[in-house]
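To keep things clear, I will list the structure first and then write my remarks on it.
The values are calculated or read from the model by the stated rules, or taken from the named source; none is laboratory data. Being a predicted model, the structure only gives us computed values, none of them experimental. Every residue, glycine as well, gets a Cβ built from its backbone with ideal geometry; the counts of neighbours run over all protein chains shown. To get the accessible areas, we keep the full protein, side chains included, count just its heavy atoms, and leave off ligands, DNA and RNA. Shrake-Rupley method; radii C 1.70, N 1.55, O 1.52, S 1.80 Å.
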Amino acid sequence: MTLKQLQSDFIACIYAEQTDKNKENNFKHLLCEEGKITPEQRISIYQNAYRARLYGVIDSDFPCLGKLIGDDLYHPLCSAYINAYPSHQPSINNFCAHLPEFIRYFDSLKNHTIAIELCDFEWQLRTTFNAKNCKALAVDYLQNIPGEKWPTLTFELSHGFALKYFSMNTVEVWLALKDDTTPEIKKLKQAQTWMIWRQELVTQYRSVEVDEACLLQAIADGHNFQYLCEALLEWWPEEQVPERAFQLLQHWLNLGFLT
Amino acid sequence: MLVPTKKQLPYPCNQKPFHGFGLGLRPEYYHAILDQEPNIDWLEIISENYLVEGGKPLYFLDLFKERYPIAMHGVSMNIASTDPLNMDYLNELKQLIEHVQPIWVSDHCCWTGVNSHNTHDLLPLPFHEESIQHISSRIRQIQDHLERPILIENLSSYLSFKDSKMTEWEFLTSVCEEADCYLLLDINNIYVNARNHNFDPLDYIKGVPQERVVQHHLAGHSDHGDYIIDTHDASIAAPVLQLYKQAVEHFGPVSVMIERDDNFPPLEELLTELDEVRSIFNVAQDERKL
Ligand SMILES: [Fe+2]
């Protein structure tokens, strides 16, 4: 048997659920009988280690999801995810990247809005934590912009900055679960926007006003200051627009995510 | 029996760098190590933990690299796989090497995946000529690409193949000599395999090329009676420390460190364990000189 064939059979056997004896049989006959434990038991050490390691990765990337939905929903979700998305990367860091999408279509959770939103939030925290460093603009940046430059002024958001729209009190629920207390789960009257970013090394999150969310999205889309001001007209009388725009920009500079 | 030809090594046996007694750097200990500046001679990082774009891991890495010699230990080189080498991974690793300037770079004599799948586990393979040729030519390519020799580590395993034509230590010796690379000899893994595959661990220690052994690992395991699992979640077992003493008597001074990856105790406990390793080393060295 070639090494390639042996490796393909071994990995199929590791992936196989323990009930899939066919895959195991293909591989088992290659193994020595040694000591008191059988080739089947030896194979199951690898099968268990494989699943345990990936469960461990999901647990650490989503510390509150399991607490929210309980073992009866969490274990089948993890197991189905591991089967659906075996790792193709040298690094295990991004193994869970598809879980926020996967949970939306997972039968027993697809209508479980709080689980879907919490999963999305936890993965965003993880992504932001490891995002590329960037140099934030200085807090006095705006003071040095000449007047004629303002209309065409554009900004960039730091790597790892994200906006999330939650229809439930997701962050509150997450905080309660983090403290091991029972969350009170509520549907909000109006969806709330949250921003997640990293200030130096610390991952931050904060809810944002409706006009603020709209402007942050516009910045993410590459629009300039003039566009931002026009957008603000939806909420503010014309004479107050420059003040609000300036106030928001200064606020964001203080939070350290404009680059 | 394969008779490998001896090759010229960058570190001849009497000039191997000895860095003393180290610890595996894990995020759980970042603050304790920085605050206490404890008696640790060097640190080993898991390279993959720092193959991220930014944030805390790289920030801390920079702090540690100013303070300690660092060895880079990887888990994803997939050396023995029949897939093509992952050049993206090797390029990223090379960048990290340039940044860290480690004392050396290591990975495992095993494969982790095939057909572009990754199990993130260290998987064994049969000990025969085809494996030796396959692995050693890949190590040569890796060393050429990284422009430096690497260390390969022996792994714990829970099964063995009927196809094997030699012992694990004969296999490892041939790979190292064919590839012209170094050995990171994990003493716990030797003990684990001796129990799982029923051989004398001293035969293993005496069977590998002394001049190529540059580093030792020590770690805890879980003993299930009929078999042992390499878990790194407990203190080093007494028979492993005993075997370590025999290793020092045989190999002389080799840089050594403790790997702890789960069930993390306070740093003080690991330091006490490291002191115990130091005193075993000193006793063995004294006995060696007699
Ligand atoms: Fe090891």
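Given the -39500 (n - 2.57) contribution per DSSP H run of 4+ residues, what per-residue ellipticity at 222 nm results for chain B, rounded to the nearest 500 deg cm²/dmol?
Details: 9 runs with 118 residues, N = 290.
Helices in chain B give a 222 nm mean residue ellipticity of -13000 deg cm²/dmol.
Kindly state, to the nearest 0.05, the FRET efficiency for A:ASP71 paired with A:GLU184, given R0 = 22 Å and r defined as their beta-carbon distance.
Details: r = 21 Å, r/R0 = 0.98.
Rounded to the nearest 0.05, the efficiency is 0.55.
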Accessible heavy-atom area order of A:SER207, A:SER8, B:SER106, highest first, probe of 1.4 Å: A:SER207, A:SER8, B:SER106
Under 14 Å, Cβ to Cβ, from A:ILE37 - net charge with Lys/Arg +1 and Asp/Glu -1: -1
GluC sites (Glu not before Pro) lying in DSSP loop within segment A:163-204, provided at most 15 other Cβ fall within 10 Å: A:GLU184, A:GLU200
Acute angle (nearest 10 degrees) that the helix A:210-220 long axis makes with the longest principal axis of chain A, alpha-carbon atoms: 70
Residues of segment B:128-154 with amide N under 14 Å of a point placed 7 Å along Cα→Cβ from B:LEU85: B:134-151
Cβ-placed point charges (K, R +1; D, E -1), dipole of chain A about Cα centre in debye, nearest 20: 900
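Tell me the mean residue ellipticity at 222 nm calculated for chain A from its helices only (DSSP H runs of n ≥ 4, each -39500 (n - 2.57), averaged over every residue, nearest 500). Walk me through the numbers before you get to the answer.
Numbers: 11 runs with 130 residues, N = 259.
Helix contribution divided over all residues of chain A: -15500 deg cm²/dmol.
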For the protein assembly as shown, share of DSSP beta bridges that run antiparallel, in % to the nearest 5: 40
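Which GluC sites (Glu not before Pro) in segment A:108-156 pass both tests, a DSSP loop state and at most 16 other beta-carbon atoms within 10 Å? Write down the numbers at each step before the final one.
On the way: sites: A:GLU117, A:GLU122, A:GLU148, A:GLU156; in loops: A:GLU156.
Taking segment A:108-156 and a limit of 16 other Cβ atoms within 10 Å, the loop GluC sites (Glu not before Pro) found are A:GLU156.
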Charged-residue dipole, Cβ positions (Lys, Arg, Asp, Glu), segment A:110-259 about Cα centre, Debye nearest 20: 560
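Can you give the FRET efficiency for A:LEU201 and B:GLN143, using 1/(1 + (r/R0)^6), R0 = 45 Å, r = Cβ-Cβ distance, to the nearest 0.05?
Numbers: r = 35 Å, r/R0 = 0.78.
That pair, A:LEU201 with B:GLN143, gives E of 0.80.
Work through the residues other than A:ALA84 whose Cβ is under 15 Å from its Cβ and net out their charges, Lys, Arg +1 and Asp, Glu -1. All intermediate terms of the calculation are to be shown ahead of the outcome.
Working: positive: A:ARG51, A:ARG104, A:LYS110; negative: A:GLU17, A:GLU101, A:ASP107.
Local net charge: 0.
What does the charge count near A:LEU248 come to, summing +1 for each Lys or Arg and -1 for each Asp or Glu among other residues with Cβ under 12 Å from its Cβ?
Details: positive: A:ARG244; negative: A:GLU209, A:ASP211, A:GLU212, A:GLU243.
Within the 12 Å Cβ shell, the charges total -3.
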10 Å Cβ neighbours from other chains, averaged over peptide A:86-99: 5
B:HIS224 versus A:GLN240: modelled label distance in nm, points set 7 Å from Cα along the beta carbon direction: 6.8
Förster-model FRET efficiency, 25 Å R0, B:ALA234 and A:THR38, C-beta, rounded to 0.05: 0.45
For B:43-55, mean number of other protein chain Cβ atoms within 10 Å: 4
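Counting residues in segment B:11-71 as N, plug N into 2.2 N^0.38 Å and put the Cα Rg over that result. Walk me through the numbers on the way to the answer.
On the way: Rg = 13.0 Å, N = 61, 2.2 N^0.38 = 10.5 Å.
Segment B:11-71 yields a ratio of 1.24.
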Given charges at Cβ of Lys, Arg, Asp, Glu: segment A:70-143 dipole, positive-most of A:SER91, A:GLN143, A:ILE103: A:GLN143
Label-point separation in nm, A:ASP221 to B:GLU130, each point 7 Å along Cα→Cβ: 5.9
Furthest towards positive pole of dipole, A:GLY222, B:ILE228, B:CYS181, structure part the protein assembly as shown, Cβ charges: B:CYS181
Members of B:LYS16/B:LYS289; A:LYS149/A:LYS189; A:LYS28/B:LYS165; B:LYS16/B:LYS162 lying beyond 29 Å, as alpha-carbon distances in this model show: A:LYS149/A:LYS189; B:LYS16/B:LYS162
Average beta carbon contacts from partner chains per residue of B:70-80, 10 Å cutoff: 1
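Compare A:TRP174, A:TRP236 by solvent-accessible area with a 1.4 Å probe and give them largest first, with all protein chains kept in place. Spell out each step's value before the answer.
On the way: A:TRP174 20, A:TRP236 80 Å².
The residues order as A:TRP236, A:TRP174, largest area first.
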